[in-house]
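Read through the structure below, which is laid out as C-alpha cells, and then see the notes.
The values are calculated or read from the model by the stated rules, or taken from the named source; none is laboratory data. Quick caveat: nothing in here was measured; it's all calculated off a predicted structure. Neighbour counts are summed over all protein chains in view; Cβ atoms, including those assigned to glycine, are modelled from backbone coordinates with ideal geometry.
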Amino acid sequence: MARDVLLAAVLGAHGLKGEVRVKTFTATPETLGAYGPLHTGDGRVLSVASARAGKDGEAVVAFEEIADRNAAETLKGVELFVARGALPPAQSGEFYHADLVGLAAEDALGRRIGRVAAVHNYGASDVLVIARDGGDEVLIAFTRENVPEIDVAAGRLVVAVPKETEDGGNVE
C-alpha cells in the first residue's frame, strides 16, 4: 500500500507576500520541494516556489498557489505530505517512518507483540509506538539495541523484550 509521508507542518504566515514558516522533516529544509508538489490531508495541492532555511529545523516557504498573507494565514497548522513513491529509496540501515508503520512487532523467538502504530520523536530520539492486540500501547526507543532486526519487505521487525517482560509472560 502506498503511503503518504509527512514532510512539513505549517507554523504560520511569514511577512506580507504569502510566505509561511514550516517545521520540516527533511534532511535539509531547502529540499522541501525536491520531491514534487506537496498535498494537505484534505487533498489540496501546493507547489513549492522557493524554500530557504530558517531557524533550526524550519524553513520559510513560498507556494505558487498562495499570493498574500491572508491566504498564508489559512495554512497555519496544516500538515504537508508527499506520496511515498516520490521519495528516493532509503539508504542501508535507514528507514522512512512511513515504512515502519504497520510492521508486525515480534520478539526474538518470533512471538507476536503487536504492530507498529506510529513513530514519534519527542526530542531525544525516535520512539516506536507498538499497539498490542489487547488494545494497550508499548513505547520503545528506536535504537539498534531495542530493535535489532527490521525487514520491511517481510513486514516485520524484532523488538528486544526486556528480561522482566519475558519473565512476566506478557509478550503474547
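Points worth noting:
- Tallying residues that are touching a Leu at 6+ places or on another chain (Cβ under 8 Å), within 21 Å of residue 123 (Cβ to Cβ) and among the aliphatic types (A, V, I, L, M) within segment 6-38 yields 6.
- Test: residue in segment 40-54 that is surrounded by 13 or more Cβ atoms within 10 Å (Cβ to Cβ) and under 19 Å from residue 98 (Cα atoms): yes
- Segment 1-34: number of residues that are assigned to a helix (DSSP H, G or I) and surrounded by fewer than 18 Cβ atoms within 10 Å (Cβ to Cβ): 2
- Residues of segment 38-91 that turn out to be in contact (Cβ under 8 Å) with a residue 40 or more places away in the chain, assigned to a strand (DSSP E or B) and among the charged types (D, E, K, R), as a count: 2
- Hey, residue 98 surrounded by 13 or more Cβ atoms within 10 Å (Cβ to Cβ) and not in a helix (DSSP H, G or I) or not: no
- Looking only at residues in segment 121-144 that are touching a strand residue (DSSP E or B) at 6+ places or on another chain (Cβ under 8 Å) and among the acidic types (Asp, Glu), the one that is surrounded by the most Cβ atoms within 10 Å (Cβ to Cβ) is 126.
- Verdict on residue 107 being in the same structural domain as residue 10 (by TED's automatic domain parsing), of a type in the set (Asp, Glu) and either closer than 13 Å to residue 152 by Cβ or in contact (Cβ under 8 Å) with a residue 40 or more places away in the chain (or both): no
- Annotation: of all residues in segment 104-163 being assigned to a loop (DSSP other than H, G, I, E, B) and among the basic types (Lys, Arg), the one that is nearest to residue 92 (Cα to Cα) is 144.
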